[in-house]
Amino acid sequence: MNEFVYLDDSQERWREIHANHKKEARQRALSLIAAGTRTETGCIVTGTNAIRKVRFNGQQFAAYRFIYCALNDATPSFHYVIRHRCHNRTCINPDHLEIGSREDNKHDDWAYLANGVNFDLL
Ligand SMILES: [Zn+2]
């Protein structure tokens, strides 16, 4: 029996990047990080209140998602979000980013609201 694997747009564009533009994507991610400002909580921010966008390979990405995928060879589907362990959505520090389902992300926010602190980061 053939297994049918559905790739959504998000996966397809990362497959293509990892296959053909891996080096450039990595360099782009590292230069974005290098251009950021480190805060006293260890976050790296880009100096905009809005989420930083990146254009790469003719497409637009949220910078933190771009950085996570480029540095971790990740190919997440639309149903996976890149989570901020620091709860700072403008942060692009790869150490503060992890992948999770949309469900996980909600639970994270609830835990954060309930406890006010993310113990993983202490
Ligand atoms: Zn952070």
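Here are the numbers:
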{"item": "Unique residue being within 25 Å of Asp108 (Cβ to Cβ) and at pLDDT 95 or above when the list is Ala34, Ala74, Ala70", "result": "Ala70"}
{"item": "Members of the stretch 18-52 that are closer than 19 Å to Pro76 by Cβ and exposed (fewer than 12 other Cβ atoms within 10 Å of the Cβ)", "result": "Ala19, Asn20"}
{"item": "Residue pairs meeting the criteria (Cβ under 9 Å; at least 6 apart or on separate chains; first farther than 19 Å from Gly47 by Cα, in the stretch 90-114; second modelled with pLDDT of 75 or more and of a type in the set (Gly, Ala, Ser))", "result": "Ile99/Ala74; His107/Gly100; Asp108/Gly100"}
{"item": "Scan of the stretch 65-80 for residues that are surrounded by fewer than 20 Cβ atoms within 10 Å (Cβ to Cβ) and either more than 18 Å from Arg55 (Cα to Cα) or not hydroxyl-bearing (Ser, Thr, Tyr) (or both), ordered by number", "result": "Leu71, Asn72, Asp73, Ala74, Pro76, Ser77, Phe78, His79, Tyr80"}
{"item": "Conditions (1) within 13 Å of the chain's Cα centre (by Cα); (2) surrounded by 12 or more Cβ atoms within 10 Å (Cβ to Cβ); (3) touching a residue at least 60 places away in the same chain (Cβ under 8 Å): number failed by Arg15", "result": "(1)"}
{"item": "Residues of the stretch 37-69 that turn out to be within 14 Å of Trp14 (Cβ to Cβ), under 9 Å from the mean Cα position of the chain (by Cα) and in contact (Cβ under 8 Å) with a residue 24 or more places away in the chain, as a count", "result": "4"}
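The values are calculated or read from the model by the stated rules, or taken from the named source; none is laboratory data. All of these numbers come straight from a predicted model, not from anything done at the bench. For neighbour counting, all protein chains shown are included, and Cβ atoms are generated from backbone atoms with ideal geometry for every residue, glycine included.
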